[in-house]
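Everything below concerns the one structure shown next.
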Amino acid sequence: MAGSKGKVVLAYSGGLDTSVAVVWLSERGYDVITMTADVGQEVIDLQAAKSKALHSGAVKAYIFDLKKTFVDNFVWPSLKANGMYQGTYPLTSALSRPLIAKTLVDIANKDGAVAVAHGCTGKGQDQVRIEVCATALNPKIEVLAPVRDWHFTREAEMEYALKHGIPVKATASSPYSTDENLWGRSIECGMLEDPWNEPPEDAYELTVNPLTAPNDPEYVEITFDKGIPAALNGTAMNGPALIAELNKIAGRHGVGRVDMVEDRLVGFKSREVYECPAPITLINAHRALETLTLDKKVLATKKELEVKFAELAYEGYWYSPLRHSIEAFINETQQYVNGIVKLRLFKGQAVVRGMKAGKSIYRHDLATYSEGDAFDHSAAVGFIKIWGLPIKTWTSTYPSQEKAEIPIEA
Ligand code: ARG
């Protein structure tokens, strides 16, 4: 009685788990529609994924190039927020999940599906993100998580796959669990689970080892328009092209390797390795340009909201009222973030070496100690009197307890 339960839209990677999920859901009475999203992962063959989905029994297989949407609606908002979870992780995987959830729900609404489904396990946070985002977008939608719920061992899954004619690759599978998109690559599991182990070189694909990176530095210039990168080395580029190109350039200098112990939403600490050449370069550049163009108090408040923004994105609260409100604040600030930042890429680091902005609140005539000084030196006298008044009043009431720093004879 295939199809008696209605349609389900499954996020489909083309791998073993989600292929088995197609069969498993079909056997349980669903008409399975698959959705494969290209968010810039290098490893995917979209046409092969499509035919594999149909071969596994999907009634329809969508493939979408979502690179531009991903960058415009998820990556750039995060860059404007200098988005880094726990100050370190540029949110690579976390940013693609709300887009995947949205696409699943959009298809479900269009094709009249009763449910959406994903292939996440029960231990990660991708399940949380996809499910929380999907139900935020359509509170009535049911979310199925076959891989989490079917209780297959690896062997049983292989056997089931073979029985249903799903090709199981004989190649040695990676010792790591990885996830990739334009905003970087996440690497976890295997020997990385021991935080004492130095990540081996075979864990990395987008970056060279900083120790063997070129001995000559390379400079890049990023032009920002309202907080968004608009040109690389003076050449205007669309978002996906700019990020892909910068991933290559910064990657060959070993920029963007992140190695951290991360506090997962699901309650435990996890050792995570990332490689994010373009994100690290762009966040460094963007943060620097903000120091040149934004007001002191706006910067300070923005910094607090950035922490919150990253947490919300990490924790699956992308479509939450708070993230939307913070985004409104951030967008208000970004209209002033226009200019060019020059960075030096060298042996694993992307260091800002210069910047300029057409309109900036960095005022040379106020800052200079040379000719052309416009700062009112005489105003300092009254300013210091009043600035120091509260402390002076305090010590004239409660005499200072500070001991002398030099020996004083009694
Ligand atoms: N710890 C990262 C995050 O939660 C990476 C997740 C990677 N996902 C994966 N299926 N390997 O954002």
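Just so it is clear, none of the values below were taken in a lab; they were calculated from the coordinates. Keep in mind that this is a model prediction, so the values were computed, not measured. As a convention, Cβ positions derive from the backbone with ideal geometry for all residues, glycine included, and neighbour counts pool all protein chains shown.
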request  = Subtract the Cα-Cα distance of residue 406 and residue 296 from 0.36 nm times their separation in residues, and report this length gain in nm to one decimal.
outcome  = 35.8 nm
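Under the 0.36 nm per residue contour assumption, what length would be gained going from the current alpha-carbon distance of residue 370 and residue 158 to full extension? If you can, show how the numbers build up before the last one.
Numbers: separation 212, 0.36 × 212 = 76.32 nm, distance 7.46 nm.
Once the chain is fully extended between residue 370 and residue 158, it gains 68.9 nm.
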message = Set the bar at 26 Å for Cα to Cα. Now go through 359/385; 5/52; 60/163; 123/302; 123/248 and name every pair that lies beyond it.
response = 359/385; 123/302; 123/248
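Length gain on complete extension for the stretch residue 328 to residue 72, per 0.36 nm per residue less the alpha carbon to alpha carbon distance?
Details: separation 256, 0.36 × 256 = 92.16 nm, distance 1.54 nm.
That works out to 90.6 nm of additional length.
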query = Relative to the first principal axis of the alpha-carbon coordinates of the chain, what is the inclination of helix 239-251, with its axis defined by its Cα atoms, in degrees from 0 to 90 and to the nearest 10?
reply = 70 degrees
query = Once label points are set 7 Å from the Cα along Cα→Cβ at both residue 303 and residue 397, what is their separation, rounded to one decimal in nm?
reply = 3.0 nm
Reciprocal of mean inverse Cα separation for the stretch 318-392 (Kirkwood radius, Å) = 17.3 Å
task = Find which of 343, 369, 390 sits farthest along the positive direction of the dipole of the stretch 334-405, computed with +1 on the beta-carbon of Lys and Arg, -1 on that of Asp and Glu, about the Cα centre.
result = 343
ask   = For the chain, with only Lys/Arg (+1) and Asp/Glu (-1) charged at the beta-carbon, what is the dipole magnitude about the Cα centre, in debye rounded to 20?
value = 920 debye
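Per residue, how big is the convex hull of the chain when only Cα atoms are used? Give it in Å³.
Details: hull volume 93.9 nm³, N = 410.
Spelled out: Cα convex hull of the chain, divided by residues, is 229 Å³.
So if I average 1/r over every pair of distinct C-alpha atoms in the stretch 1-159 and take the inverse, what Kirkwood radius in Å does that give?
16.1 Å
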remark   = Per the charge dipole of the stretch 1-76 (beta-carbon charges, Lys/Arg positive, Asp/Glu negative, Cα centre), the residue among 15, 33, 4 reaching farthest to the positive end is 4
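Using only Cα atoms, figure out Rg for the stretch 227-340 and give it as a multiple of 2.2 N^0.38 Å. All intermediate terms of the calculation are to be shown ahead of the outcome.
Numbers: Rg = 15.9 Å, N = 114, 2.2 N^0.38 = 13.3 Å.
Dividing the Cα radius of gyration by 2.2 N^0.38 Å gives 1.19.
List the GluC sites (Glu not before Pro) within the stretch 173-258 that fall in a DSSP loop (any state other than H, G, I, E or B) and whose Cβ has at most 15 other Cβ atoms within 10 Å. Write down the numbers at each step before the final one.
Working: sites: 180, 188, 193, 201, 205, 218, 221, 245; in loops: 205.
Qualifying residues, ordered by number: 205.
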request  = Give the share of C-alpha pairs in each 5 angstrom bin for the stretch 42-120, from 0 to the last occupied bin, in whole percents, shortest bins first.
outcome  = 3, 12, 18, 21, 19, 13, 8, 5, 1
inquiry  = On C-alpha positions alone, give me the angle between the axis of helix 154-163 and the longest principal axis of the chain, in degrees, nearest 10.
reply    = 40 degrees
message = What's the magnitude of the charge dipole for the stretch 1-131 around its Cα centre, counting Lys and Arg as +1 and Asp and Glu as -1 at the beta-carbon? Answer in Debye, nearest 20.
response = 200 debye
inquiry  = Give me the dipole magnitude in Debye, nearest 20, for the stretch 77-188 about the Cα centre, with unit charges on the beta carbon: positive for Lys and Arg, negative for Asp and Glu.
reply    = 260 debye
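Once every DSSP H run of n ≥ 4 in the chain is given -39500 (n - 2.57) and the sum is divided by its residues, what mean residue ellipticity at 222 nm do you get, rounded to the nearest 500 deg cm²/dmol?
Working: 14 runs with 163 residues, N = 410.
It comes out at -12000 deg cm²/dmol, rounded to the nearest 500.
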